[in-house]
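**Student:** Dropping the structure in here first, questions after.
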Amino acid sequence: MRLTLIPLMLGTLVVAGCQITSPTVHPDAIAENDSTMLGLISELLGDWDLTDEEGTRHHAATFAMTAGGSAVRETMFPGEAHEMTNLYHMDGGDLVITHYCTVGNQPRMVASKAVETDDGTVFHFELESVSNLRESHDHYMGDMTLTIHKSGGLRQDWRSYDRDGVLTDPMVFMLSRTN
């Protein structure tokens, strides 16, 4: 299949059925998502730090809107050798996260609802599928609980499946907003 770029008036291009316009977020796309779970994720836009065991703060994540406001991109550990990307988007009534891992696979996890607790809003993402899983990969992410704290903090509990299909103990990231 050959992709054709067709220049249109006012600088708009059409690429294989996708309309590409300026890189700004479309207000109508944001308005449509405000009432969905993605609207809650879009409130995380900006930079986030974590504090290590020695008390040193590190830039841990950046959240940004992408795809005309239809997805949120989280870059974990930006600029580091272990940088990873997560894309959050809606699929019908489900919130989906695809985790682009440094080991080279891409687990897709789904949360069907947001649960309000005393601590804040909790999303529990469970594995739906994983692409590019190879024999050499000793694990893949398969479960993530995201808690948006009422106090303004963010907690991510990441669990992976090992080679035997056993879900591991969580790696916990406690993040605080830097801006």
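The values are calculated or read from the model by the stated rules, or taken from the named source; none is laboratory data. Please read all numbers here as calculations on a predicted model, not as lab measurements. Cβ coordinates were reconstructed from backbone atoms using ideal geometry, including for glycine residues, and neighbour counts include every protein chain displayed.
**Student:** Can we say GLY69 is of a type outside the set (A, V, I, L, M) and surrounded by fewer than 15 Cβ atoms within 10 Å (Cβ to Cβ)?
**Tutor:** No, not satisfied.
**Student:** Could you grab the pairs with beta carbons closer than 6 Å, sequence gap of 6+ or different chains, first residue in segment 151-179 and farther than 24 Å from ASP118 by Cβ, second one modelled with pLDDT of 90 or more and exposed (fewer than 14 other Cβ atoms within 10 Å of the Cβ)?
**Tutor:** ASN179/GLY46
**Student:** Go through segment 129-157 and give me each residue that's under 22 Å from GLY39 (Cα atoms) and within 16 Å of the chain's Cα centre (by Cα).
**Tutor:** Matches in segment 129-157: ASP143, MET144, THR145, LEU146, THR147, ILE148, LEU154, ARG155, GLN156, ASP157.
**Student:** I'm checking my understanding of the structure. Among residues of segment 74-93 that are surrounded by fewer than 18 Cβ atoms within 10 Å (Cβ to Cβ) and in a strand (DSSP E or B), which one is farthest from the chain's Cα centre (by Cα)?
**Tutor:** Once the filter is applied, the top-ranked residue is ASP91.
**Student:** So TYR140 ticks every box in (1) assigned to a strand (DSSP E or B); (2) at pLDDT below 90; (3) under 27 Å from THR51 (Cβ atoms) but one. Which box is left unticked?
**Tutor:** Of the numbered conditions (1) assigned to a strand (DSSP E or B); (2) at pLDDT below 90; (3) under 27 Å from THR51 (Cβ atoms), the odd one out for TYR140 is (3).
**Student:** All but one of (1) on the phi < 0 side of the Ramachandran plot; (2) exposed (fewer than 14 other Cβ atoms within 10 Å of the Cβ); (3) modelled with pLDDT of 90 or more hold for GLN156; state the number of the condition that does not hold.
**Tutor:** (2)
**Student:** Determine whether segment 20-27 contains at least one residue that is exposed (fewer than 15 other Cβ atoms within 10 Å of the Cβ), modelled with pLDDT of 50 or more and either of a type in the set (D, E, K, R) or part of a strand (DSSP E or B) (or both).
**Tutor:** No - not one qualifying residue is present in segment 20-27.
**Student:** Starting from residues that are assigned to a loop (DSSP other than H, G, I, E, B) and among the β-branched types (Val, Ile, Thr), keep the ones in segment 158-179 and report whichever is nearest to the chain's Cα centre (by Cα).
**Tutor:** The residue in question is THR178.
**Student:** Taking VAL96 as the residue in question, decide whether it is in a loop (DSSP other than H, G, I, E, B) and hydrophobic (A, V, I, L, M, F, W, C).
**Tutor:** Criteria not met by VAL96.
**Student:** Just to be sure before I move on: is LEU146 among the hydrophobic types (A, V, I, L, M, F, W, C) and either in a loop (DSSP other than H, G, I, E, B) or surrounded by fewer than 16 Cβ atoms within 10 Å (Cβ to Cβ) (or both) in the structure I sent?
**Tutor:** no
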